[in-house]
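The values are calculated or read from the model by the stated rules, or taken from the named source; none is laboratory data. Note that the structure is a prediction, hence the values are computed from the model and not measured. Positions of Cβ are generated from backbone atoms using ideal geometry, with glycine treated the same way; all protein chains shown enter the neighbour counts.
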Amino acid sequence: MTQRLDIDALRMLCAVQDNGGITRASEHLALTQSAVSHRIRRLEQSIGCALLTRRPGGPIMTAEGQRLLDYARRIVALHDEALGSISKQPLSGRIRLGMTEDVTSSDLSRILGRFTRLHPEVTVRTQVRQSLTLQDALQVGEIDLGIMQVFTHQVMPGDEVVYTDTLHWVKAQDLVIEEGGRLPFLAYDDACFFYQWAMQLPDLPLETVLQCASSAGIASAVQAGLGVSLLPGRYVTGEMAILDDMFPKVPGLSYVVRTGPRSRTRHVRALAREVVAGVSQFASLRVA
């Protein structure tokens, strides 16, 4: 039997993984369960191995299925991008975009403005939240696209990394830290993932004295000498002292564009590509 990859079957395979099984995948694709099962079985027969475990309570994919899934996502994305590039049909629809606070003060607004001018039939509704909140919203389908920070080791295979940075422990130059005492900590809110990381560190006597969702607000409080904080490198100024040698090493920081597992539609992918391309064009863009 000739081995070949059926693009529709690959799309179904991705949907099975993203939606947690054949039943929900068939609902998402507006197909019957038997149609989805039959197409995937034909794909399995074509390539000569099982892709789904079909065991209640077990993992969805076999080892071979998991390996193929990575290729399937790229093949489907390239297939749809190629069709979109030659299609004369205009984009239309609604995009629910989530981003963190820092994005609102960046050149991303210029990128979004260009996108809406190019695609007037697409409506983009934006909400500003912390990264952990956006990750949860993506997973449950409350937003379609997120632009956020994650630790570098938490970057997912489908993420587009647009920028990397380093988190630093900082304080005001003239702030004196008493040895053995409590450390006044200036933090983002509870949904900030590096705030949660810091608060779980053993033997570090952090005492939160200020919480603020704004990076500019945290930076201002640091410069005023109110305490120590974790800040991305882009916010560190000459008025601050970097304390990285005195505190636990912080994981690397990546800024990613992430598409929701149920939102890989043509217009959502087009906006994701526009953002990634725009970051390359505007080298000064810093997305958080």
Margin query: Out of Val176, Val209, Val162, I need the residue that is out of contact with any Asp or Glu (no Cβ under 9 Å at 6 or more places or on another chain), among the aliphatic types (A, V, I, L, M) and free of Cβ contacts under 8 Å to residues at least 12 places away in the same chain. Which one?
Written below: Val176
Next item on the list: Quick one: Ser131 ticks every box in (1) under 30 Å from Ile47 (Cα atoms); (2) touching a helix residue (DSSP H, G or I) at 6+ places or on another chain (Cβ under 7 Å); (3) of a type in the set (Gly, Ala, Ser) except a single one, so which number is it?
Entry: (1)
Next item on the list: Pull up region 181-192, narrow it to residues that are in contact with a helix residue (DSSP H, G or I) (Cβ under 6 Å, 6 or more places away or on another chain) and buried (at least 20 other Cβ atoms within 10 Å of the Cβ), then point me to the one that is modelled with the lowest pLDDT.
Entry: Tyr188
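For region 218-240, what are the residues that are of a type in the set (D, E, K, R) and in a loop (DSSP other than H, G, I, E, B)?
Glu239
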Next item on the list: Could you please tell me which pairs satisfy a Cβ distance under 7 Å, a separation of 6+ or placement on different chains, a first residue in region 17-43 that is closer than 17 Å to Met61 by Cβ and in the same structural domain as Pro59 (by TED's automatic domain parsing), and a second residue that is of a type in the set (A, V, I, L, M, F, W, C) and modelled with pLDDT under 80?
Entry: Val36/Leu29
Checklist line | Residue tally, condition over 20 Å from Val236 (Cα atoms) and not β-branched (Val, Ile, Thr), over region 149-196 | finding: 15
Margin query: Could you go through region 44-51 and let me know if any residue there is free of Cβ contacts under 8 Å to residues at least 24 places away in the same chain, part of a helix (DSSP H, G or I) and of a type in the set (Gly, Ala, Ser).
Written below: no
Notebook entry, point to check: Of the conditions (1) out of contact with any Phe, Trp or Tyr (no Cβ under 9 Å at 6 or more places or on another chain); (2) at pLDDT below 90, Ile40 fails just one. Which one is it?
Noted result: (2)
Notebook entry, point to check: Pick from region 34-85 the residues that are of a type in the set (Asp, Glu) and crowded, with 17+ Cβ neighbours inside 10 Å: which of them is farthest from the chain's Cα centre (by Cα)?
Noted result: Glu44
